[in-house]
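Taking it in order: structure first as structure tokens, then the write-up.
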Amino acid sequence: MMQAQAYDGYVENGQFYPKNTITGLSGRLRAVLTVLDVPVAETTLNPAAWLDEFNRLLAESGDEKLNIEDFPRANFTREHLEVTP
């Protein structure tokens with residue numbers, strides 16, 4: 001049984017262009033294409049630069065204090081339990 005796969009790319013003039021080569025697919029398969037209303041922006045960072053930027057942001061955020069206000073509660077239609085040590 002085949003599992004669903006996602007492919008990133010862009011649409012130009014009605015044609016879909018994946019960022020990476022789509023391999024391992026054969027035959028006629030059902031596909032769903034979601035078009036995001038976001039223009040394609042070219043990036044100048046290579047993968048190593050992206051990783052460096054991610055690691056820098058991760059190091060900067062290591063001592064951040066989280067506030068409950070930053071994470072609004074979902075309404076589960078029941079009262080939340082307060083657990084204290």
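The values are calculated or read from the model by the stated rules, or taken from the named source; none is laboratory data. Since this is a predicted model, take the numbers as computed values, not measurements. In this analysis, Cβ positions are derived from the backbone assuming ideal geometry, glycine residues included, and neighbour counts consider all displayed protein chains.
Residue pairs whose Cβ atoms lie under 6 Å apart, separated by 6 or more positions or on different chains, with the first residue in the range 61-85 and on the phi < 0 side of the Ramachandran plot and the second modelled with pLDDT of 70 or more and surrounded by 10 or more Cβ atoms within 10 Å (Cβ to Cβ), do not occur. Within the range 46-68, the presence of at least one residue that is modelled with pLDDT under 70 and part of a helix (DSSP H, G or I) is confirmed. Among the numbered conditions (1) within 16 Å of the chain's Cα centre (by Cα); (2) exposed (fewer than 10 other Cβ atoms within 10 Å of the Cβ); (3) not in a loop (DSSP other than H, G, I, E, B), the only one that residue 6 does not meet is (3).
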